[in-house]
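**Student:** Dropping the structure in here first, questions after.
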């Protein structure tokens with residue numbers, strides 16, 4: 001059994017025409033869907049900004065620019081029956097290749113090699129039954145005026 005730990009995370013909000021780019025996932029136990037922006041763990045020795053650039057490159061194979069910190073969230077949650085605790089640095093950025101914004105979805109890959117589809121979804125897609133995670137992200141995006 002592993003010792004519980006707080007995981008540092010960096011996520012990036014890509015937004016265009018009232019939509020944001022997210023990965024849809026489901027909790028294996030509850031089967032409840034949720035949506036999370038692109039990003040992942042911050043590795044020892046790298047800044048959260050460096051982590052978000054690396055994670056986007058690893059997951060989507062795309063370079064980004066204009067990376068700016070929007071805020072920090074603390075997330076306490078349960079996934080697959082296990083409690084989790086994350087400190088999340090939330091960034092805004094732009095894709096270097098503007099044609100990415102015209103695609104409805106992008107092929108992506110987790111760090112473990114598992115494929116996923118990143119989709120552009122409108123803000124109205126996120127509900128209590130299918131939330132945008134981590135908790136507090138929707139409110140943060142509203143506060144910094146990224147929500148339409």
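**Student:** Mind checking the full-extension length gain between residue 44 and residue 3? Use 0.36 nm per residue of separation minus the Cα-Cα distance, one decimal, nm.
**Tutor:** Answer, rounded to one decimal: 13.0 nm.
**Student:** By average Cβ neighbour count within 10 Å, what is the ranking of 71-80, 96-105 from highest down?
**Tutor:** Going by the mean number of other Cβ atoms within 10 Å, highest first, we get 71-80, 96-105.
**Student:** Also: With just the Cα atoms defining each centre, how far is region 100-148 from region 1-55? Give it in Å.
**Tutor:** Cα centres, region 100-148 to region 1-55: 10 Å.
**Student:** Could you give the length gained on full extension between residue 142 and residue 57, defined as 0.36 nm per residue of separation minus the Cα-Cα distance, in nm?
**Tutor:** So the extension gain works out to 27.9 nm.
**Student:** Determine the relative contact order of the chain: mean sequence separation of Cα pairs under 8 Å and six or more apart, normalised by residue count, in whole percent.
**Tutor:** 30
**Student:** Mind sorting out which of (1) 31; (2) 37; (3) 53 is the real percent of Cα pairs over 22 Å apart computed from the coordinates?
**Tutor:** (2)
**Student:** When the chain is fully extended, how far beyond the present Cα-Cα distance does residue 31 get from residue 99, taking 0.36 nm per residue of separation?
**Tutor:** Gain on extension, residue 31 to residue 99, equals 21.1 nm.
**Student:** Measuring from label point to label point, each 7 Å out along Cα→Cβ, what is the residue 17 to residue 79 span in nm?
**Tutor:** 3.0
The numbers here are math on the coordinates, done by the rules we state, and not lab data. Keep in mind that what you see is a predicted model, and the values were worked out from it rather than measured. All Cβ positions, even for glycine, are placed from backbone atoms using ideal geometry, and neighbour counts span all protein chains on display.
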